[in-house]
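The values are calculated or read from the model by the stated rules, or taken from the named source; none is laboratory data. A quick note: this is a predicted structure, and the numbers were derived from the prediction, not measured. FYI the Cβ positions are ideal-geometry reconstructions off the backbone, even for glycines, and counts take in every protein chain you see.
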Amino acid sequence: MPESDIYSELATKLGAPLSRRFLSILEEMLNPKEAEICLELYIPGTCKELAEVLDEDEKTILKSCESLVDRGILTRGKTQFAFHTTLLGFHHDVADTGVHTGPHAMSQKVKDLWGDFFYNEWSDIWVKMASDRKKAGGQGIMITPAIGALELSPNITPDQILPQENWKMQIQLAKKRIVAPCGCRVLWGKCEHPLMTCFACFDNARGEYYLNQPGRLLKEVSLEEALEIVRANEEAGLVHWGVCYCCPDACEMLYSYTKADRLDLVEPNRFQAVVDEDRCIGCQDCIEKCPFNAIEMKKSPNSKRYKASIIAENCKGCGVCIVGCEQRALRYEIVRPPEYMKSRKFKFPTPEPTKSGRRIPVNLVVGPYGGYYELD
């Protein structure tokens, strides 16, 4: 197979665009033989299986696979190795759980290629995907209400907060509190926001697998440390979206939707900010902090000053304005019933058999970044 075809086929397997930008990433990260191995390991396999399929010596295959593991490109179990099932999964496994220190650290050239791809191409793809999904009646990822904003809303009692909305409770109940760096800021971030913001590995097998691997930045933290990280992220104005704290400068979705002026693609939660006019001094800090253009200044009938006012249809319930208001002039109100919280499961396509006919095992796990494997 010509070298260019190998990279194109690998991109196709990942659901990635056959663009010069993305193919340049693959070409820089993988030599043709490594790309061929990754292509076959789209479904997990042993070195013995790979040697038979690729007609190579098993020891040579093992050496290549171990090199790919050292560089964060493959994952491995006791006998099996595996690549990734989606472009998003590939990005995050070389970013938030990837190798960033030591001899196998990702080069700045690779990071620059990812940044060029994201800002000039992938961000537009994100918008189109979300727009198409919305037109078809699908759902987007919903923002999680900020812990600090809930704590500053004494009108809301704990029993009114549903388990899937209660991020503080999830942190408290976790058996393993593993935090990783934001994959977007690691690869292409153009901001000074906190780096340790990703909770995709927080309390799951993926996090445990990568925790003590050489060159990774993720770490296990205590309950107190986890809550301190959350507090710092919220005070920095970051939005808790899915499993990470995101900003409009680098986040795959928030940057993309902001750039395209498509914040309507963001799905609101059950909460909405409201203003206490008696406390509001009209400083307009909340307008600058709000990532969704959901606050404006209006003349108050009870005061000569202009006061903050929430634009209800724009508010997504992120709580950034509430946490950031020094006057404590904002709080949450629940504006949607519990029934609004429907089950949201993102189904990813089942990988097709490889050219050798090997099929998917039963241990594909659907994670926040696509499918990943629990390997034998």
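What residue, among those in the stretch 205-225 that are of a type in the set (Gly, Ala, Ser) and over 18 Å from the mean Cα position of the chain (by Cα), is farthest from Gly72 (Cα to Cα)?
Within the stretch 205-225, the match that is farthest from Gly72 (Cα to Cα) is Ser222.
(1) farther than 20 Å from Leu173 by Cβ; (2) modelled with pLDDT under 95: which one isn't true of Ala236, the others all being true?
(2)
Hey, among the residues in the stretch 324-335 that are within 18 Å of His240 (Cβ to Cβ) and surrounded by fewer than 21 Cβ atoms within 10 Å (Cβ to Cβ), which one's farthest from the chain's Cα centre (by Cα)?
This residue is Ile334.
If I ask for residues that are in a helix (DSSP H, G or I) and modelled with pLDDT of 95 or more, which ones from the stretch 319-340 would you list?
Answer for the stretch 319-340, where residues must be in a helix (DSSP H, G or I) and modelled with pLDDT of 95 or more: Val320, Cys321, Ile322, Val323, Gly324.
Would the stretch 228-249 turn up any residue that is among the hydroxyl-bearing types (Ser, Thr, Tyr) and under 30 Å from Asp132 (Cβ atoms)?
The answer is yes; a qualifying residue exists.
Filter the stretch 68-97 for residues that are buried (at least 22 other Cβ atoms within 10 Å of the Cβ), under 21 Å from the mean Cα position of the chain (by Cα) and within 26 Å of Lys48 (Cα to Cα) and give the result.
Listed by number, the residues that qualify are Gly72, Ile73, Leu74, Thr75, Ala82, Phe83, His84, Thr85, Phe90, Asp93, Val94.
Hey, among the residues in the stretch 115-166 that are without any contact (Cβ under 8 Å) to a residue 40 or more places away in the chain and under 22 Å from Phe90 (Cβ atoms), which one's surrounded by the most Cβ atoms within 10 Å (Cβ to Cβ)?
The extreme case among them is Met129.
Would you pick out the residues in the stretch 218-233 that are modelled with pLDDT under 95 and in a helix (DSSP H, G or I)?
Across the stretch 218-233, there are no qualifying residues.
Which one of these is within 30 Å of Gly189 (Cβ to Cβ), out of contact with any strand residue (DSSP E or B) (no Cβ under 7 Å at 6 or more places or on another chain) and either at pLDDT below 95 or among the aromatic types (Phe, Trp, Tyr) (or both): Gly77, Gly15?
None of the others qualify; the one that does is Gly15.
Examine the stretch 211-223 for a residue that is within 30 Å of Pro338 (Cα to Cα) and out of contact with any Ser or Thr (no Cβ under 7 Å at 6 or more places or on another chain), and state whether such a residue exists.
yes
When the residues of the stretch 198-217 are narrowed to those that are outside any loop (DSSP other than H, G, I, E, B) and not aromatic (Phe, Trp, Tyr), which ends up farthest from Val179 (Cα to Cα)?
Step by step, filter the stretch 198-217, then rank; the result is Ala205.
Assess whether His104 counts as being of a type outside the set (Gly, Ala, Ser), touching a residue at least 12 places away in the same chain (Cβ under 8 Å) and surrounded by fewer than 20 Cβ atoms within 10 Å (Cβ to Cβ).
So His104 fits the description; yes.
Hey, does the stretch 214-227 have a residue that's assigned by TED's automatic domain parsing to the domain that holds Gln327, crowded, with 18+ Cβ neighbours inside 10 Å, in contact with a Cys (Cβ under 8 Å, 6 or more places away or on another chain) and within 21 Å of Asp96 (Cβ to Cβ)?
Taking every residue of the stretch 214-227 in turn, at least one turns out to be assigned by TED's automatic domain parsing to the domain that holds Gln327, crowded, with 18+ Cβ neighbours inside 10 Å, in contact with a Cys (Cβ under 8 Å, 6 or more places away or on another chain) and within 21 Å of Asp96 (Cβ to Cβ).
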